[in-house]
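Single-structure report; data block below.
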There are 2 protein chains.
Amino acid sequence: MRKCYFDHVAVNPLHPEVLDAMMPYLKEDFGNPLSVYDLGMSARNAIEEARGKLASLVNAKPPTIVFTASGAEANNFAVRGIALAKQSRGKHIMVSKVEHHSILNAARFLEKSGFVVTYLPVDKYGTVEPGVVKSSITDETTLISITHASSEIGTIEPIKEIARIAKERDIVLHADGVATTGNIPVDVKELGVDLLSMAAHQFGGPKGAGALYIREGLRIVPLIYGGIQEGGRRAGTENVPAIVGMGRAAEIAKNKLNSKMAYCKELRDRVIGGILKMPKVYLTGHPENRLPHHASFVVEFIEGEAMLLMLSMKGIYAASGSACSSKALKSSPVLLSIGVPTALAQGSIVFSLGEDNAREDIDYLLAEFPLIINRLREMSPFAKGWGEGSEGEKCFTG
Amino acid sequence: MRKCYFDHVAVNPLHPEVLDAMMPYLKEDFGNPLSVYDLGMSARNAIEEARGKLASLVNAKPPTIVFTASGAEANNFAVRGIALAKQSRGKHIMVSKVEHHSILNAARFLEKSGFVVTYLPVDKYGTVEPGVVKSSITDETTLISITHASSEIGTIEPIKEIARIAKERDIVLHADGVATTGNIPVDVKELGVDLLSMAAHQFGGPKGAGALYIREGLRIVPLIYGGIQEGGRRAGTENVPAIVGMGRAAEIAKNKLNSKMAYCKELRDRVIGGILKMPKVYLTGHPENRLPHHASFVVEFIEGEAMLLMLSMKGIYAASGSACSSKALKSSPVLLSIGVPTALAQGSIVFSLGEDNAREDIDYLLAEFPLIINRLREMSPFAKGWGEGSEGEKCFTG
């Protein structure tokens, strides 16, 4: 059976060249980067080389990059670290309703600690409107955290415009760049962000490696205290092999970004075009301004998990809702925030593409998926008589 | 040149069988454990198998183990997570003065957040006296955090006795088991601890994998918020290869614990016996009640870093002060806490042993180290005339 992996927002396969780069640090080069002897120095140099490569991918200076163990850690570090560092100035922060759980739940933690959080609404495409950001700012606002792109609905947010607004009011802007870094151009200077979260496994790097870009001169309270690693900003023995892998993955991603984007976009547009031919299936997120490797839908009368299981029996791997809650089986807050009714939000399906997908994988998906949908609808008590209505918009419009 | 790695408290080389166990998860088995399809299930099963193995090493039930990315993260999670969870009952916590930086600095962070922290003194061997713990408890005390053993001076702490005292007063006890787990018997039930931190690279596992044992039913506030990973207690895509490696390393460590301990102790006793033959060299930490793989000293008239560099030129790798601050070049607070004068504390040297050390490595060390000491003392302006005094105690006694 053909195997088609369409869940790259959950995790990318590790790039074979990345693994090659990691191997010496899983074997003979096992030193602790803090040790003064050659084994330590070798590990230290490897980390700094990786830092340079990752910095180059996002047009930052190497010392502004702090390695973490995940994108979730980077997000927690950013939101809580800045909120605490700035609390003498004010205790109001803003996040959007389409943020990842690691932002939303860190924000809820801050609420319990006496902070005020505004959860910014989004439009029907999941776009945060800069005007809404501007009008929500108070004198107490110290931080705005907006995702660069939603890994659930693919929409790319207007970070540049929001950065301009934040800068005017001297408010720190954090962008969650987990879904974008290594997948579309990310330039921290051009975007104008103060902080940016990244995760290696989103662009061919290993699990266990994330990073936070922190603008030069910006004070932040650490999340993990301890030794002097990462300039005292993040303690714990550095995961050298994973960091080396993240660096190598960044280098590869930078070199092939344009060709990868073009290829993924071609596949994505075929997926979207093909799937929207089915009745009562709607695109979620922005129709154009979306991640080039991301196609997300809601399918009426069907449960996401049923689709995932039927697809996997055909060797097709996809996600429903957010990758991090595929097993949580709750209605996605992101889908609810763009106005998808609760019942319809259950029918979420996300196909996220990568260079490892062949064009024939898309043919296979477009042949199999409609059969699965039809099969599931035949079994669904909610689907009775739906075919009699008329077809409206193909893009979900709230 | 012979290479002798005597810095196992900084990091262990990755056990080859551990790497073998990790490899499938760095290659074809790359799924996200939260995904519902077979690749996700395979990753999920691998994590649960690893959890079982690690739990078995410390005699815990698998669901009480939460994987983290490091021992430092586990320590921060424990101290801050319990302090916050219990703050409605009281805001006093106690840590010892021989704790790792990740405990001490997390405690300082809590102080800034309105908590009161008692830094418990230790005796000349670095032992926390249970009576001192008992008399320092107040009605506000919610947490005691004591290291199971210091990785800097090797002393094993009387956790069992402290646990009894904590239990009497219904106070949570956390033990930092980073230096002990996989190196000496660690049984959470026998020790009576509520929480225990662990790090894989201390017993042949990979960097990037740590864990916190959390007694069943004990509520803790997460350090990293986000998805539903680790039962909602620690978010972030699981580092599957590292977790699998930690599990396999735990299994190996459990099987060979007694032989490893006996072998390391034999080497250690030769190191201690041999090195104490030199004049003006003192053992730090407890002479008997210490880690079997740990020999630590202070050497008069000499700087630790100079020793490390001279040793490394002979292919001998060791540490000075704590592994996590070898490059920080500050006087070790642990050494100061046992009464070592500031100047003498600069002359700290730690040899930590492993099964990868041959008996001949010890011959080589004992031949080379005195030459290095003599050479350095010849260069030291402080060493003039020291040879004329008489020799006192060989163990540092405050």
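Things to note:
- Residues of segment A:179-215 with amide N under 18 Å of a point placed 7 Å along Cα→Cβ from A:ASN59: A:180-198, A:213-215
- Per-residue packing, averaged as other Cβ atoms within 10 Å, sorts the ranges A:155-161, A:98-104, B:214-220 into the order A:98-104, A:155-161, B:214-220, beginning with the highest.
- Over chain B: Kirkwood hydrodynamic radius from C-alpha pairwise inverse distances, Å: 21.7 Å
- Computed over segment B:16-253: relative contact order in percent, which uses C-alpha pairs under 8 Å that are six or more apart: 28 percent
- Summed residue charge, Cβ within 15 Å of B:ILE214's Cβ, Lys/Arg positive, Asp/Glu negative: +4
- Two-decimal ratio, the protein assembly as shown, of alpha-carbon radius of gyration to 2.2 N^0.38 Å: 0.99
- MRE, 222 nm, helices only [DSSP H, n ≥ 4, -39500 (n - 2.57), over the protein assembly as shown, to nearest 500]: -12000 deg cm²/dmol
- Summing +1 for each Lys or Arg and -1 for each Asp or Glu among the other residues whose beta-carbon sits under 15 angstrom from that of A:ASN59 gives +2.
- What the Cα atoms of segment A:49-106 give is an Rg and a Dmax of 13.6, 38 Å.
- Max mean-square fluctuation residue, GNM over chain B, Cα-Cα springs under 10 Å, options B:LYS254, B:LYS314, B:LYS53: B:LYS314
- FRET E, pair A:ALA358, A:LEU218, Förster distance 35 Å, beta-carbon r, rounded to 0.05: 0.20
- Restricting attention to segment A:16-253, lysine pairs at least eight places apart or on different chains and with alpha-carbon atoms under 23 angstrom apart total 29.
- Working note: Debye formula, equal point scatterers on the alpha-carbon atoms of segment A:1-145, no solvent; log10 I(q)/I(0) at q = 0.13, 0.14, 0.15 Å⁻¹ is -0.84, -0.91, -0.97.
- Closest approach of any chain A Cβ to the axis that rotates A onto B belongs to A:ALA69, 2, distance given in whole Å.
- Point-to-point label distance, B:SER135-A:VAL116, nm (Cα→Cβ direction, 7 Å offset): 5.0 nm
- Sequence-separation-based contact order of chain A, relative, with Cα cut under 8 Å and 6+ spacing, percent: 22 percent
- Taking every alpha-carbon pair in segment A:164-293 and binning the separations at 5 Å intervals from zero gives 2, 9, 14, 16, 17, 15, 11, 8, 4, 2, 1, 0 percent.
- Environment charge at A:ASN45 (Cβ cut-off 11 Å; Lys +1, Arg +1, Asp -1, Glu -1): -2
- For segment A:16-253, the alpha carbon convex hull comes to 108 Å³ per residue, rounded to a whole number.
- Amide N proximity, segment A:222-264 versus A:LEU366 label position 7 Å along Cα-to-Cβ, cut-off under 17 Å: A:263-264
No value in this document is a laboratory result; all are computed from the given coordinates. These numbers were taken from a predicted model, which means no experiment stands behind them. Every residue, glycine as well, gets a Cβ built from its backbone with ideal geometry; the counts of neighbours run over all protein chains shown.
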